[in-house]
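Please read the structure below before turning to the comments.
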Amino acid sequence: MPQAQTIESAVNPNLVTPFINSVRDVFDKMAGVKITAQEPHLKAGKSTGHDISGIIGFSGAVAGSVVVSFPKAVAERLVEAFVRMPLECGTPDFVDAVGELVNMIAGSAKPYLGGVASISLPSVVIGQGYTVASMSSTPCVIIPCSSPHGDFAIELCIARQAGA
Amino acid sequence: MKFNPDDIMMLAGTIWESVLSLPIETDEPGSVGNHPRSMAACIQISGAWNGAILLDCPVEFARLAASVMFSTEPANAALPDLQDAIAELVNMIGGNIKGLLPETCFLSLPAVVEGGDYSARVPGSTPVGRVAFVCQGHRVSIVILEKTREETAAA
């Protein structure tokens, strides 16, 4: 498939698979939610344009950022499954929960990326009609994800560092 | 660790002067109106010190910065140019702040948010430095955030 070849030539697949595994594991173990990851594809143009985005940075042997973006209703349901209680979108506890989910996804993937990498504090963006961009020189891969509560997406803009 | 606002202003002034050839002035409350669309760039620092730096500005400032950096007319600067310009500015701020921190610290790549109706937060952190200034009539703010608690599941 031409698209798959494009992805493989642009992004090391060994950097993608750990995130597919970690998003499944984190939501299964921590929220009891089964996630289905669909075929990753290269990001073209603007980002996914969802309402809630958790962003976490990688540095060290692997550098870049990971953005997990949800529509509002999906984020509310997944957060409720995670914390076992409904939380109003935008409250500090809700922001904490989204940040924690993103932190867990990144943290679970980190040991499988090769080399020593650090993950940063998560940032959480809430709003409508905004875009999230990383440095444009870094190829970005979108991993579409489906759950019983709705669809969301993981955007990987990471690369192995030279000499790492 | 607290950051002196005067030090952050000096640092920002040096970067703005060297990269954009534009002066900055300390913000005067009420001097600048609301902007319909803004951009926020975030860069993270991890290692011996953990935190983040947030740069917030109106889209029109990002357009101005991109036009200077990429030698183009402001009207011709596309969104990726604006994002790259703001990312580069926060990257330079991060690099300078990192130089003030204990070794060894690592900078993440910047992430840039653009929109008209959003809020960007860094849960588990507290502001330890904050400045606002005006550049060519555009209000720009820089906030330095320090991690205040351990996340529970980071491997």
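Mind telling me which of the residues A:59, A:69, A:22, A:47 ends up being over 15 Å from residue A:104 (Cβ atoms) and either assigned to a helix (DSSP H, G or I) or at pLDDT 90 or above (or both)?
Of the residues listed, the single one that is over 15 Å from residue A:104 (Cβ atoms) and either assigned to a helix (DSSP H, G or I) or at pLDDT 90 or above (or both) is A:69.
Please verify whether region B:102-112 includes one or more residues that are crowded, with 19+ Cβ neighbours inside 10 Å and either at pLDDT 95 or above or of a type in the set (Val, Ile, Thr) (or both).
Checked against the condition, which is being crowded, with 19+ Cβ neighbours inside 10 Å and either at pLDDT 95 or above or of a type in the set (Val, Ile, Thr) (or both), region B:102-112 yields at least one hit.
Please work out which one of (1) of a type in the set (Ser, Thr, Tyr); (2) assigned to a loop (DSSP other than H, G, I, E, B); (3) within 25 Å of residue A:55 (Cβ to Cβ) is the condition residue B:46 fails and give its number.
(2)
Go through (1) within 24 Å of residue B:37 (Cβ to Cβ); (2) touching a residue at least 40 places away in the same chain (Cβ under 8 Å) one by one and return the number of the condition residue A:73 breaks.
So the condition that residue A:73 fails would be (1).
Does region A:80-102 hold any residues that are facing another protein chain (nearest Cβ under 7 Å) and under 14 Å from the mean Cα position of the chain (by Cα), and which are they? Spell out how you get there, then give the answer.
Of the residues in region A:80-102, the ones facing another protein chain (nearest Cβ under 7 Å) are A:95-96, A:99-100.
Answer for region A:80-102, where residues must be facing another protein chain (nearest Cβ under 7 Å) and under 14 Å from the mean Cα position of the chain (by Cα): A:99, A:100.
Would you list the strands (runs of 3 or more DSSP E) that sit entirely within region B:80-155 and hold 1 or more residues that are touching a residue at least 60 places away in the same chain (Cβ under 8 Å), at the interface with chain A (Cβ under 10 Å from one of its Cβ atoms) and more than 29 Å from residue A:114 (Cβ to Cβ)? Steps first, please.
Numbers: elements: B:105-107, B:111-115, B:117-121, B:125-135, B:138-147.
By residue number, B:111-115, B:117-121, B:138-147.
Considering region A:103-130 alone, what residues qualify as being out of contact with any helix residue (DSSP H, G or I) (no Cβ under 9 Å at 6 or more places or on another chain), part of a strand (DSSP E or B) and either of a type outside the set (A, V, I, L, M, F, W, C) or more than 8 Å from every other protein chain (Cβ to nearest Cβ) (or both)?
Scanning region A:103-130 gives a single hit, A:127.
Among the candidates B:73, B:17, single out the residue that is more than 10 Å from chain A (Cβ to nearest Cβ) and at pLDDT 95 or above. Reasoning before the result, please.
Values: B:73 fails: at pLDDT 95 or above.
Only one candidate qualifies: B:17.
Among what's in region A:131-140 and is among the small types (Gly, Ala, Ser) and part of a loop (DSSP other than H, G, I, E, B), pick the residue that is nearest to the other protein chains (Cβ to nearest Cβ). Break it down stepwise before answering.
Initial filter on region A:131-140 (among the small types (Gly, Ala, Ser)): A:133-134, A:136-137.
So of that shortlist, the ones also part of a loop (DSSP other than H, G, I, E, B) come out as A:136-137.
Numbers: A:136: 5, A:137: 9 Å.
Only one residue tops the list, namely A:136.
For region B:114-139, which residues satisfy the criterion of being touching a helix residue (DSSP H, G or I) at 6+ places or on another chain (Cβ under 6 Å) and under 20 Å from residue B:52 (Cα atoms)?
B:121, B:123, B:129, B:131 - these are the residues of region B:114-139 that are touching a helix residue (DSSP H, G or I) at 6+ places or on another chain (Cβ under 6 Å) and under 20 Å from residue B:52 (Cα atoms).
Just to verify a result, which residue in region B:66-85, among those that are of a type in the set (A, V, I, L, M, F, W, C) and in contact with a strand residue (DSSP E or B) (Cβ under 8 Å, 6 or more places away or on another chain), is nearest to residue B:22 (Cα to Cα)? Spell out how you get there, then give the answer.
Taking region B:66-85 and keeping what is of a type in the set (A, V, I, L, M, F, W, C), we get B:66, B:68-70, B:75, B:77-79, B:82, B:85.
In the following step, the residues that additionally are in contact with a strand residue (DSSP E or B) (Cβ under 8 Å, 6 or more places away or on another chain) were identified as B:79, B:82.
Details: B:79: 21, B:82: 17 Å.
Out of the qualifying residues, it is B:82.
Taking region A:141-163 as the search range and keeping residues that are assigned to a loop (DSSP other than H, G, I, E, B) and away from chain B (no Cβ under 11 Å), which one is farthest from residue B:45 (Cα to Cα)? Can you show your working first?
Step one: filter region A:141-163 for residues assigned to a loop (DSSP other than H, G, I, E, B), giving A:148-149, A:161-163.
In the following step, the residues that additionally are away from chain B (no Cβ under 11 Å) were identified as A:148-149, A:162-163.
Details: A:148: 36, A:149: 34, A:162: 20, A:163: 20 Å.
Among them, the one singled out is A:148.
The values are calculated or read from the model by the stated rules, or taken from the named source; none is laboratory data. Everything numeric here is computed off the predicted structure, so don't read it as measured data. Counting neighbours? That spans all protein chains shown, and the Cβs are built from the backbone with ideal geometry, glycine included.
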